[in-house]
Every structure is written in C-alpha cells, then in structure tokens.
Amino acid sequence: MRVSGKGLINRQNTVNFKFDGVNYTGYEGDSVASALLASGKKLFGRSFKYHRPRGVLTAGSEEPNALITVGEGSFQDPNVRATTQEIFEGLVTKSQNNWPNLNYDILSINDLFSHFLGAGFYYKTFMWPKSFWEKIYEPFIRRAAGLGSLSGLHNSDTYEKAYAFCDLLVIGGGPSGLLAAKLAAEAGLDVIIAEQEPIFGGRLNSETEQVDGMPGSTWAAKTIESLKLMDNVRLFSRTTITGVYDQGTFAAVERVGHHLSKRGGDLPLECFWRIVAKNSILAAGAIERTIAFPNNDRPGIMTASAVRTYLNRYGVSAGKSVVIFCNNNAAHKTASDLLESGVNVAAIIDTRENSETALDVPFYKGAEVSNTFGRQGLKSINIKKNNVETKIEADCLAVSGGWNPTVHLTCHMNGRPTWNDEILSFVPEIGAIPNMAVVGSANGHMDTGKCFESAQKEINSLLKTFGKSSKTRKIPKVESTKFEISPKWAVEGKGRAWLDYQNDVTVKDVRQSVQENFKSVEHMKRYTTQGMAIDQGKNSNVAALAILADATGRGIPETGTTTFRPPFVPVSIAAMGKNAQGIGFAPQRYTTSHVASVDRGAPMVEAGLWYRPSYFPEVGETNWRQSCDREIEMVRTNVGVCDVSTLGKIDIQGPDAHRLLDFVYTNMFSTLKVGKVRYGLMLREDGHVMDDGTTAHLAENHYVMTTTTAAAGQVMRHLDFVHQCLHPEWDLSFISVTEQWAQFSIAGPKSQELINAVLDKPISSETFPFMSCSSVGILGEKGRLFRISFSGEHGYEIAVPARFGESLFRLLVSRAEEIGGGPYGMEALNVLRIEKGFITHAEIHGRITAFDLGMQRMVSEKKDCIGKTSASRPGLLDSEREQLIALKPVGSVKQIVAGAHLFDRNDDPIRENDRGYITSVGFSPTFGHVIGLGFFKGGQARLGEQIKMVDHLRGIETECEIINTVSFDPKGDRLRD
Amino acid sequence: MIKLLPKTAAAGLTPIKISNTTIIEIDTLTLTSISANKGKSEKLSEQLKKSHGMSLPHNGRASGREGARALWFGQHTLLVGPKCDEKLNKFAILTDQSDAWVVLRMSGDLLENVLMRLSPVDIRLKTFKVGSVVRTGLLHVNVTLHRVGANTIDVYGFRSMAKTLCHELTQALSAVAARD
C-alpha cells in the first residue's frame, strides 16, 4: 500500500515488471520488494526445507526469505534478494523453490512432517544402506531442498575486474561514513566511499530524523553533492566491500548492470574491485535482529526497521494494521512514523516491564507475542501477558530484538568480536584489522549523534598520522535518544520459533544440537546449518548463539561467534573469474610465421603459450600421419624449414659472462672459442636437470644461450638469481632476446644449398663446420647463423630481427620447395629428434638427473657448477635408477604409447613390479616402426633385452626391445657432413 | 636483389578507436637496451647526455623527450627513438631490442579507467605522473607503461603477445565505454 507524500522514489516515472508471470508496476527507485509490497503482495517465496510460505523480512542485503530469480534464459540469475534488486522497465523475476507454483507448493507437505525433519535428520536417517546415498538419497534431497537454479546455458553476461588505490576507504555511506568521508576529503585525503545501496545515506534514508535542521536524507544528498565536486573523492555506489585481506587490500563487488534493462552487451553486469587503501573506516552500520517466538515466520512479519524503510524510503506501508513487538525503545519509532503517515498501529508490545510510550496506541509492556496466525499472510497474533493471551488482528508485525553491529569485515583477519552488555550485541575487536577504525553503529553507537562523534574522533586521529591538523571540525546537529534494551531472545510456547529463516533453523534445533553434544558454536552451526547460505546468518547469528548459551549454561561472551569469512554478500564466480573466459583464458603467443603457416592450412598446437604448426598438409593427404611421414622423409632426403623462434634466447655479455656459463652449465664453456656453439646441460640446486640447450660464442665476451621453449622463463629467472644473489660481483649483463629474433631451423642434406640462397656471403662446410656460429648478412639485413641440428641432419638455424621473420620464412619455404623441400611442423620435428634420441621436457620432467640420461660425463670434474654436489649423492648415482632408454616393438602388437608403464618380460604388470614408463613416442618412417623413449630401472645396462610395455588405461600390452637411444646415424656423420 | 619485407608487431591490429580513446602502434622506434658496466653508471649517464641529450633516468621514470627517450626498464635502461650511439659501448652493454617489443600508444579520456581494469598499479595522473614508468602486468601480459602525457600512455608488450594485448585493451575499453 502506497503512502502519499512519503519516500525517495520518483513517482513521475512508473516502471513495469513481472513477478511469477504477473505484471506489476512500481516507481523509479523501488526495489522488487518495495514494489511488490506496495501492490499488496505478501508471499515472496518458500522456505528451504519445509517449503513454508515466506514474505519479506528485511529491506537490505541481509534478507533471508525473499530470494528471487532475475532474468531469463542465459541471463538467469538465481537467489537474488528482492530487497536489493532495483526494478527497471521489462524486469522479469520469479519465485523459487516451489512446485507447481508459489501459492500451492506440493512440497509444503514437508512442513507436516517437520517433527521428523529437524536438525540432524539427514545424518541419522540416510546412513544406510551405504550405496543408496549417492544414487537415491542425495539426488532426492537436492531436488526437494534448495534455492534457485542456474539456466544450464552459457552465461551471456559480461563481467569486469578493476583496481583502485586510496588514502582512505570508507566502508558504508550512512551518516557516519558520509561524515568521515567529508572530513577526510576536506583535509585533502584521497578518499573512496563505498555504499551497497544505489543511494548514499544509509539509515538516514529510512528514518524521519532531522540532521542540521533538515531531513536526514536531504543532508545525505547534500553531502554527496559536495563530495562530487571534490576531485580527491570517488563515490562507489551499488558497491559492497566483501572481504578484507592483507596489506590493506579490500575486495568489492560493484553491481553495474543489475538495475539496467541493457544486458549482454559490452556493459558489465558486475565489477570485482580490488581496492588497496592505506587506511579504512568501517561504517557499515548495524542489522536489526528479530525475536524467536512461535510461528514468527509468516509473511507480514518483518523487522521494525524494515517497516520504517519501506515507509520512509519507498512510501509503502507494509500493512494496513501493524503491531510492533520489541525489546528496545528504538522500535517505537516505527509506530510513530506509521501513525504520522496515517497507518493504523494496532499495538506496541514491549517486553520491557519498565518501558513506556507517549503514543496514542494500545501499549502492552512486559508482554510478548506468543503465537501468530495466517498461512500465506499474517492475520492475527496472540499477545501474552501474565499468562493471559489476547488475540488481535494485524497483517503486519514489526519486530525488533535489538541491533547487531555489522562486525563481519573486522573478523576477516581472525579478529573476534567482543560482547557489549549495553547494546546486548557483539562489537568489533579493537585493532582487528590494521589501519582500520570502526565508527558509528558498526561500533555499537546506537544514536546518530554518537555516530557522528565517533566518525569525527577517528578522522581526527587519522589526520594526525597524515601530518594534518586535527582541528575540531563542525559536526552536524541531531537530536539524540539513548538506546535502551533488555534481553529477549525467544518466547516459549507451542509452535516452532524460527531463528534462521533461510535454512529453516528453529530454537528447538539449536537446543537439540546441544542435547546431541554439538555444544560449540562452530559445531552447532554445522549440525543445524544455522548461518549458512546466502545471508550467512546476518539476522540470526546472535540470537542463535544466545539460545545456545542459554542451553549450555554458558554466557554469550563465552559462547562466542562463528567465524565470519568473506564474502560479506554473494559474489558471482564469473566476476572473480573475469578474463578467464573464452579467448581470455590464457594469453596467446604467435611466431612471425604464424600467418604464413595458417595460410598453408597448418593446424596449430599450443606449446606453452605459443602456437606452433603441427604439420603442413598437402593436397591428397587425409590424416596427420601422412603429412608427418612425408615431412620426415623430406628432411632426411632434401631440406625442411621449421620455425624455432619459440625457444628461449638470452644474450649474455660482459667480461664475466663465461663464469656465469661455467657456473650454470655442467660442462665447460670458458674454453669455447669465438664462432663456436656448444650443447649444455643445466641442473637445479637439487642436482636434477633443469634444462638443456646450446650456447653460441658470437663475439668476445658475447654469448647467446638457447633454452627450451618450456623453460625459457625458468632459466631466465635462474640466471637472475645466480647473478643477483650468488655472484653480484660478476661484471656481466644478460637480457632475453627471444622476441627480438625470428629463428628458423633448416635441416636436411640440401640445407646448405638453401641457406646460401639467402646469405649475403655463401658458406661451405669447410668455412662453417658443425657447431659454428656467426653474425651474417641475410639479404642485406643483419642476422645470425648457427650450424646446429635437432634432427640429426646437416642443419642450420638462421635468425633475423623479428620484423623480417614472416618474409624470410615465406622465402625460405618457397626456395626449399624449388629443390624438393618444404616446411615441417612439430610432429615431424618430434619424430626426427626421437630417431636421434634427443631429449625434450617430456624426458627432463624434473625428476631426472644427468646420470639418468647417460650424460654423467657432461658434469665436468674440472669445475664446480650448480647442482653438482647434490647430483653426486649416492642415491642419484644408483645403477638401479630409472635410466633413459629407447624401445621398439618386437611382438605382434606394434603400438608403443606415451604414459604406458614398463615391466620385466615375465613379471605381472602390477604396481609392485613397475620398472619404468614411456615419455615420448613417434612412428619412424625411416625405420618403419614406432620408437619410444622412456625410463627403465637399470635400463642402460640392458640394451638388446626384451621387456613388456603395458598401458592399463587403454588395455595395450606390447613386447619391446631396448635399443640404442640414438636410432638414426649413431655416429653423427650426417650432422658433420 | 630480393629484399626482406618488414612487418610491424601489431600489423592489422591497430588503430583501435572506441569512444574518444584510441590505440595506435608506434612502429618507427629503435629500441636499445643499455646496461651499465660495473661502476660505470655515472660515465654512462654523461655519455648518454652527450650522445642523445638525456641522463640516465631515475627508477620508475623516463628522461629525454619525444623522439629520444631513456626509460627505466628494471635492471636495464631502454633507449627509445634514435639509433644508439656506439660511443655508449665504452660504458655499457647494448642490445638491440627494436623488434622485441610492441609499442602501443593509448590516448583519450578513458585511458585511466581502462588501465585500472587491467593493471594492478595506481595509474591516476596524480600518482603516475607524466614521465613515470612502471613494469607491471596488463591482465595476462607483462608490460611496461610509460606516461608520455596527461592523456597518453605508451604500453610496451612482448611482440608475440601483440594480439592478446590488443584484445585485452579492446575488451576493457569497450566495457568502460559502455558505462557512459
């Protein structure tokens, strides 16, 4: 029911929306809850377990009952609080957890069996038979109990992440927060103020209180207008601070698009902020709690402050005849506000014997509500005083059991709130969050004057730390009323008294938890599910633990609270995971030949972040093996071109460069002559192989190290560590030039012919023998040439500045094709190296030593190197270690598969007999069979023996023979030719 | 004689213009990494001044002006613009990096709002003043940001990641522009 002349809504602008298929109208500024209440709607949803009819309980993000699904199809968003969802033209909402509809929900039959369904029911009942749990019980329970559901479609919304920095983060835009922000901003601090509502003002928008002689909401709006004019203040509305983390980092979720009809385009639905603040002020206010009395969950029963919010902020009366039930004087304002607006107040029931009121309404002091009636909406209540019950008609019951300061954020770094007897609630622990001050009702100040004073005090002391004067600044004038409260947690009587509406937890459940010996507050929470799910018990926690304290005979302070953890309100995983969706999942690195390779139809494979051509299909080839086999033959008989730019390239220069190389490689580099290249093996501190590659001595004190693609970053980091931490005295410098140079491998008997086609000065095997390197001219541009080979063929690697990469690749390939060659991809490259027994990170996977690879002789005895001492430990030189071997199939089964395990020929293929595994496999067209590389215990001594390969996953068993790891050209004549 | 044809790092990816904010590739720069020899920083700075008109930059800053700048680049200094004077070789190790980086110049009103969605640094003009340089992340990509003007920032990213960089900047720019 709308009340004229009230509210901060824009009555000029009507807004149409739907709830459960029915059209409703509200005004700009309404929430779904306020607009539905204005239309007389009381029933909003069904409860979690018993499917009890439920209405709206609050007017904020703490709402446990009025959970709705917003949007349709892929835009569907479940479990949205109707109290926080703003209405907009075309908004579609629906209720949750009911079938066939909200009014007639079949599963409300659960309510009749509630005796059997109390806390712990599942744990006790669904114990047996064990096999029933997964297939029958759990699916059934999941269907019966629950909240909203996802659409099952791909999410069509856009999300965003952002970072912000400030001197002061003010959390909460109510009176305390606004004053704190204003005072800090006027003193010149860089301020962010975050408010979860669309408008700033907090409770000022919900009350009729005067501030500085004007309505509180007007003061708030004026303050915001003045803050907007200051360039050192940022106003974050619709933004909830959800978590506090180390070093002044705060998580926040901003609702960017939830209130707009524009969805699915570039505009994000939510933005997940990380705010780093030197200081923070928590001004998050307090949340009103209810009292547990029999049948206190009927639609129409809500918190007293919510009734005021609907009246004063939205111009809606929550009922035609309202009763107030409270244990404190603040709730009396509800009655006076309603009366001023012409709404009938049927009674004020105050549990305090000494309470009084000047209002002209039936007043019951020292009384309590003993029962309520009305299945789908409140119709009447019973008032009990001195064991006499009186029934009165009412369609709205405004309840106040006191206020819980919003201490949550102060607990995110292990702070424990402390009990305050004056307000009967927990207040934040002082110093719980470094550099955070708590002001206003979040700190237990229950009147606006005290709130302002606390904000002023904290800002003054903060300003001192910034070296600013803490002169007394004027604070707004308000009329203060002392908050008075006496304990009343629960009313005894017949009927269930609800504590946690969202999880259907009653006073009886908490008591039962104690009976079952789940007495700790943390155990009680888990046994009853109190304080879980969307609202995280914002209303119910304190009352529940008061009941627990009573049942256990301990005091409330000793009982303590459960642990408040982030997030304070639900945050979409999509917002936190923004940028990890679709193409944004990982960055992509492209070589300069990418377009040319794709133009030739090469499928690309990911190698780390790089995209590399798998193979280059030719007309008539229908599968990759045909292309791969052809490319291998092409390299072995003619010439092939392959982009190897992805390998790490590190320029190392300076008079001490050779010292670094000697120290990080196992073998000697200081003896390497200018113009020569050497293969090197690099160990970790623990003696295992980190990486391998070649290093070229390009000029005096100038080397170029090559790393594998996979370990480029790791090696760079390693070199930085060695230079900066172990040998800072060395005069040298190194820098990654991976991106600077496009580098191509040219391999095959005709490689020299091809290379000479692009070199300014031709080379020969005599002038440029195997393992040579030089700066060269390539078609007039400066380049580098290395005579190295990863294929076992006469081969080169040629490098040009990356801008010329594509051009050179295209040219090399077309020239190669003229002489019977062409490009080759990763598949062929892999088989070529397997035929030669060359290792990659498939083999050097982190648990392998030089000894395991048969490269022990590469660990120079003439010098020290990183990992040398560790690698000489007896355990790493055990002849029974898994050692690198090569295999070929010798039985009727010809398959060798990577990942398969190796066993002695006559052993059962069981775990205990496992002797090794396969790391790399390729079909060698050169030899006509598959070759596998792998590791086998004591393998190097068993050349020529037959063993057994078993792939348990694929069910393959192959008889294999251990062969020389270098199948192709074991003497290396072709390389040196 | 056949010539090799150059192709810039962000060829075909730029210009990007959304709202009044633009991203263009600066592709005419010579980039040289300069690393001072042990104990030669002062001499190097003097020679740099003689050769190119600017001293070595302080940490997190750039020296020089448009056309010839020296950027703090972590352990190295990056000379941006001119071909590096060989005389610097006496005091430093020089490495050509002209082809290693894609340099994107981003200008416009949405600049800060876009970068604060991608980089975990305070990018506002009052803290990241003109002439400031920072090495940071831009979502998935490691970058160096250099503020060349109140409304202009140069983004240095790996050449191989130019496409991802443009994609990420475009996405953030579109989202920020959609708020208007």
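The values are calculated or read from the model by the stated rules, or taken from the named source; none is laboratory data. None of the values given here were measured: they were computed from a predicted structure. Don't worry about glycine lacking a Cβ; one is built from the backbone with ideal geometry, like all the others, and counts go over all protein chains shown.
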*Could you list, in sequence order, the residues of the range A:235-271 that are surrounded by fewer than 23 Cβ atoms within 10 Å (Cβ to Cβ), more than 28 Å from A:Met446 (Cα to Cα) and of a type in the set (A, V, I, L, M, F, W, C)?*
A:Val256, A:Leu260, A:Leu267
*From the residues in the range B:123-142 that are surrounded by fewer than 19 Cβ atoms within 10 Å (Cβ to Cβ) and under 22 Å from B:Asn20 (Cα atoms), which one is farthest from the other protein chains (Cβ to nearest Cβ)?*
B:Val130
_Go through (1) within 23 Å of A:Asn667 (Cα to Cα); (2) away from chain B (no Cβ under 14 Å) for A:Gly713 and report which single condition fails._
(2)
*Go through the range B:153-180 and give me each residue that's facing another protein chain (nearest Cβ under 8 Å), more than 18 Å from the chain's Cα centre (by Cα) and of a type in the set (D, E, K, R).*
B:Arg179
_Total residues in the range A:789-799, condition buried (at least 24 other Cβ atoms within 10 Å of the Cβ), touching a strand residue (DSSP E or B) at 6+ places or on another chain (Cβ under 7 Å) and either free of Cβ contacts under 8 Å to residues at least 40 places away in the same chain or of a type outside the set (Ser, Thr, Tyr) (or both)_ = 5
*Scanning for something in a helix (DSSP H, G or I), at pLDDT 95 or above and either farther than 25 Å from B:Leu31 by Cα or among the aromatic types (Phe, Trp, Tyr) (or both), does the range B:148-156 turn up at least one residue?*
no
*Looking at B:Phe73, is it over 23 Å from B:Ser160 (Cα atoms) and within 13 Å of chain A (Cβ to nearest Cβ)?*
no
*Would you say A:Gly553 is of a type in the set (Gly, Ala, Ser), out of contact with any strand residue (DSSP E or B) (no Cβ under 7 Å at 6 or more places or on another chain), touching a residue at least 60 places away in the same chain (Cβ under 8 Å) and more than 30 Å from A:Arg810 (Cα to Cα)?*
no
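Residue-wise test of (1) touching a helix residue (DSSP H, G or I) at 6+ places or on another chain (Cβ under 9 Å); (2) modelled with pLDDT under 90; (3) in the same structural domain as A:Cys451 (by TED's automatic domain parsing).
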site	(1), (2), (3)
A:Trp489	yes, no, no
A:Val505	yes, no, no
A:Lys508	no, no, no
A:Gln515	yes, no, no
A:Ser520	yes, no, no
A:His523	yes, no, no
A:Tyr527	yes, no, no
A:Gln530	yes, no, no
A:Asp535	no, yes, no
_Selected residue (criterion: surrounded by the fewest Cβ atoms within 10 Å (Cβ to Cβ)) from residues of the range A:326-343 that are in a helix (DSSP H, G or I) and not acidic (Asp, Glu)_ = A:Leu339
*Among the candidates A:Ser280, A:Ser305, A:Ser317, single out the residue that is under 25 Å from the mean Cα position of the chain (by Cα) and either among the small types (Gly, Ala, Ser) or over 28 Å from A:Thr242 (Cα atoms) (or both).*
A:Ser280
*Does at least one position in the range A:721-728 carry a residue that is assigned to a strand (DSSP E or B) and crowded, with 19+ Cβ neighbours inside 10 Å?*
no
_Restricting to the range B:85-110, give me the number of residues that are within 14 Å of another protein chain (Cβ to nearest Cβ) and either touching a residue at least 12 places away in the same chain (Cβ under 8 Å) or under 17 Å from the mean Cα position of the chain (by Cα) (or both)._
16
_Tally up the residues in the range A:806-821 that are more than 8 Å from chain B (Cβ to nearest Cβ) and at negative phi, please._
11
*Has the range A:405-427 got at least one residue that is crowded, with 20+ Cβ neighbours inside 10 Å, touching a Lys or Arg at 6+ places or on another chain (Cβ under 6 Å) and within 24 Å of A:Ile171 (Cβ to Cβ)?*
no
*With respect to A:Gly201, is the statement that it is crowded, with 21+ Cβ neighbours inside 10 Å and touching a residue at least 24 places away in the same chain (Cβ under 8 Å) true?*
yes
*Among all residue pairs at least 6 apart or on different chains, which show Cβ distances below 7 Å where the first residue, located in the range A:160-182, is at pLDDT 95 or above and the second is among the acidic types (Asp, Glu) and not in a strand (DSSP E or B)?*
A:Phe165/B:Asp122; A:Cys166/A:Asp190; A:Asp167/A:Asp190; A:Gly172/A:Glu195; A:Gly173/A:Glu195; A:Ala180/A:Glu458
*Of all the residues that make up the range A:112-132, how many are surrounded by 13 or more Cβ atoms within 10 Å (Cβ to Cβ) and at pLDDT 80 or above?*
1
_Hits in the range A:167-176 (condition: under 25 Å from B:Met116 (Cα atoms) and surrounded by 24 or more Cβ atoms within 10 Å (Cβ to Cβ))_ = A:Leu168, A:Leu169, A:Val170, A:Ile171, A:Gly172, A:Gly173
*For the range A:950-975, which residues satisfy the criterion of being farther than 21 Å from A:Gly891 by Cβ, surrounded by 14 or more Cβ atoms within 10 Å (Cβ to Cβ) and more than 48 Å from the chain's Cα centre (by Cα)?*
A:Phe968, A:Asp969, A:Gly972, A:Arg974, A:Leu975
_the range A:641-655 - residue that is assigned to a loop (DSSP other than H, G, I, E, B) and more than 9 Å from chain B (Cβ to nearest Cβ) and, of those, farthest from A:Ser814 (Cα to Cα)_ = A:Leu647
*Residues that are assigned to a loop (DSSP other than H, G, I, E, B) and either at the interface with chain A (Cβ under 9 Å from one of its Cβ atoms) or of a type in the set (D, E, K, R) (or both), drawn from the range B:13-49*: B:Asp27, B:Asn37, B:Lys38, B:Gly39, B:Lys40
*Return yes when A:Ile839 is within 28 Å of A:Asp662 (Cα to Cα) and in a loop (DSSP other than H, G, I, E, B) and no when it is not.*
yes
_Just checking, does the range A:277-293 include any residue being within 14 Å of chain B (Cβ to nearest Cβ) and assigned to a strand (DSSP E or B)?_
yes
*Would you check which residues across the range A:543-585 are in contact with a Lys or Arg (Cβ under 6 Å, 6 or more places away or on another chain) and either surrounded by fewer than 19 Cβ atoms within 10 Å (Cβ to Cβ) or away from chain B (no Cβ under 14 Å) (or both) and list them?*
A:Ala543, A:Ala551, A:Thr552, A:Thr562
*Do the conditions hold for A:Met604, that is, is it closer than 24 Å to A:Lys649 by Cβ, more than 9 Å from every other protein chain (Cβ to nearest Cβ) and among the aliphatic types (A, V, I, L, M)?*
yes
*From A:Ile392, A:Ile430, A:Ile381, which residue is crowded, with 21+ Cβ neighbours inside 10 Å and among the hydrophobic types (A, V, I, L, M, F, W, C)?*
A:Ile381
